[in-house]
Structure formats: C-alpha cells, structure tokens
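Some notes on the structure that comes next.
The values are calculated or read from the model by the stated rules, or taken from the named source; none is laboratory data. Keep in mind the model is a prediction, meaning the values are calculated, not measured. So basically every Cβ, Gly included, is an ideal-geometry build from the backbone, and we count neighbours across all protein chains shown. Keep in mind that these areas ignore ligands, DNA and RNA; they rest on the heavy atoms of the full protein, side chains included. Shrake-Rupley method; radii C 1.70, N 1.55, O 1.52, S 1.80 Å.
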Amino acid sequence: MATRALHEIETKALLAAAGVAVTPTELACTAAAAATLAARLGCPVALKIVSPDIVHKSDVDGVRLGVASSAAVAVAFDDVMRTVRARQPGAHLDGVSVQPMAPPGGVEVIVGVSVDAQFGHVIMCGLGGVLVEVLQDVAFRLIPLRPRDAHEMLTELRGFPLLRGVRGRAGVNLRAVEELLLRVSTLVAQRPDIRELDLNPVLTYPDRALAVDARALIEVER
Ligand code: ADP
Ligand code: MG
C-alpha cells in the first residue's frame, strides 16, 4: 500500500475543517513572504521547516519560536532554510510555515491515530513532554470514540492531576480536550484513508485546547 505524508499545513487544514482548533498556519517560500505573513498573522510567530522528507522538524533544527518582528522573521527564514539544507542535504524543502505563537502556560497533550492490524483505527492520547516519553503515560481506545471514552482516556492518565489542576494551579478545559478527541475520531471514521495522524502537541488551557503541530499519513492509489 502506498502512502503520502501530509505536512503541517495540509494536516491542520484537514483538522480545522473537522472543527479542531489549530493555530492559523501559512506557507512562505521567500523571506519577504514570511515577513509579510508574520505582519498579517501577528508577532511573535513560530517558523518551521516544511518538507515532505522531514518528520521531526526540531531534530534538524528546523523550528524557531517566538520570533518577535517582521525583520527578525526574514532573517530567521534564511537561517532555517540554510540550517536544514546543511543538516539534510537531500531533502526537498517546500519553504517555511508561519504561525502565531500560542500563549505560554499551556499543558502539552499529544493525540495520535494509527491502524492496528487486528482492531483497525485506534486513537491515543497522553501528556506531552517527559511524561509521555519516559513514563509511557498514554491511553488508547478504538475509533469511533464514545463521549464517555474521551472522558475516561483523560482520567486514567497518571498525569491527570496536571490537567485537572494541582496545588492552586488552574486545570485545563477538560471538555475542550474531550471534544477535540471526539472530533478527531469522527474525522478518521469518515476518512479511512488516514493511516496515521499526530497532533503533537495540543496546548491545553483553562479555556481551550489548540493544536500547534500536526502531521498525517494517508493511503494513496498507485
Ligand atoms: P516537531 O516537528 O519537532 O515536533 P513542533 O511543531 O512540534 O515541531 O515544534 C516543536 C515545539 O515547539 C512544540 O512541541 C511546542 O512546544 C513548540 N511550538 C510549536 N509551535 C508553537 C506555537 N505556535 N506556539 C507555541 N509553541 C509552539
Ligand atoms: Mg511536534
């Protein structure tokens, strides 16, 4: 089976159409275009390499966060392109994505979809960062999710107190995270050609949940 990788911007468009909140993200192919986009979207912005050959953008030093002005964006564009070209000479580079920085203080959640040989589409969620990587603190369910599943996926995480709120720290909007899981489930149920889908991270806040990075793999006809 042949597959095609959808980059960040394509995947966010798919998610936005399914009602999932994502940072508005646009492609720049030149430094001048990046600067213009940043002025329109509002600084500070994040810049990220866009390439069909690069899955983990930070691994090739292809992400710049908190770029504060249009002038700095133009410089950062050239820097990202030059750095990634040196790190991965064979990669085809489409350009750089530009998006507003999400507010600080969000709790990072990851959401993933994959296909299990036996069970079909499965959805996973967990806390981002060290908790998910070291402790494997994740929950899995079959798609389609029921509303109760979405709630239980969160409460069964060992890190759930971080979402609920601990020691005077406000919790995040659990309903918004549950709603996001349900919308991803509905999207995948309607689009069985989606083989993989990653929202990593979703930044969660007391009032909302916002996906700032996403990628997908879809099945294509040869
Ligand atoms: P990678 O391909 O390395 O996963 P990401 O797009 O996830 O690249 O960016 C790396 C990190 O930068 C994210 O895990 C997140 O912490 C931060 N980040 C990315 N985009 C934004 C944004 N729009 N606002 C705030 N932080 C962001
Ligand atoms: Mg990411």
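Compare the Cα positions of Val73, Val138, Ser58 along the charge dipole of region 1-149 (+1 at Cβ of Lys, Arg; -1 at Cβ of Asp, Glu; about the Cα centre) and return the one farthest towards the positive end.
Highest projection toward the positive end goes to Val73.
Would you mind checking the radius of gyration and Dmax of region 33-126 based on alpha-carbon positions, in Å?
Using the Cα atoms of region 33-126, the pair Rg, Dmax is 16.1, 52 Å.
Which three lengths, in whole Å and largest first, does the chain cover when its Cα atoms are put on their principal axes?
52, 48, 32
Taking only Cα atoms, what is the 0 to 90° angle, nearest 10, from helix 8-17's long axis to the longest principal axis of the chain?
50
Using a simple charge model, +1 on the beta-carbon of Lys and Arg, -1 on the beta-carbon of Asp and Glu, nothing else, what dipole does the chain show about its Cα centre, in debye to the nearest 20?
Using only the charged Cβ atoms, the result is roughly 400 debye.
For Arg222 and Leu65, FRET efficiency with R0 = 45 Å and r from the beta-carbon atoms, rounded to 0.05?
The formula returns an efficiency of 0.70 here.
Calculate the spin-label point distance for Ser58 paired with Asp207, positioning each point 7 Å from the Cα along the beta-carbon direction, and give it in nanometres.
2.7
For region 9-69, with every protein chain kept in place, what is the accessible area per residue (1.4 Å probe, Å²)?
Counting only protein heavy atoms, the per-residue value for region 9-69 is 43 Å².
Work out, step by step, the length gained on full extension between Asp78 and Glu156: first 0.36 nm times the residue separation, then minus their alpha carbon distance; give nm to one decimal.
My answer for the length gained is 23.6 nm.
Restricting to DSSP H runs of at least four residues, report the calculated mean residue ellipticity at 222 nm for the chain, -39500 (n - 2.57) per run over all residues, nearest 500 deg cm²/dmol.
-10500 deg cm²/dmol
Using a 1.4 angstrom probe on heavy atoms only, work out the carbon and sulfur share of the accessible area of the chain in %.
55
Where in region 1-39 is the amide nitrogen less than 17 Å from a point lying 7 Å along the Cα-to-Cβ axis of Gln190?
Counting only backbone N, you get 11-22.
Angle check, please: helix 31-41 long axis (alpha carbons) against the longest principal axis of the chain (alpha carbons), in degrees 0 to 90, nearest 10.
50
In Å, what Kirkwood hydrodynamic radius results for region 114-205 from the alpha-carbon pair distances?
Result for region 114-205 stands at 13.8 Å.
Roughly how many debye, to the nearest 20, is the charge dipole of region 35-133 about its Cα centre, given +1 on each Lys and Arg Cβ, -1 on each Asp and Glu Cβ, and no other charges?
320
Over the chain, what is the mean sequence separation of C-alpha contacts under 8 Å (at least six apart), divided by residue count, expressed as relative contact order in percent?
25
Rolling a 1.4 Å sphere over the protein heavy atoms, what is the accessible area per residue of region 83-184, to the nearest Å²?
Accessible surface, normalised per residue, equals 53 Å².
Of Ala211, Leu199, Asn173, which is farthest on the positive side of the dipole of region 157-222, counting Cα position, with +1 on Lys and Arg Cβ, -1 on Asp and Glu Cβ, and the Cα centre as origin?
Sorting the options by dipole projection puts first Asn173.
What do you get for the angle between helix 70-87 and the principal long axis of the chain? Use alpha-carbon atoms, 0 to 90 degrees, nearest ten.
Long axis of 70-87 versus the principal axis of the chain: about 80 degrees.
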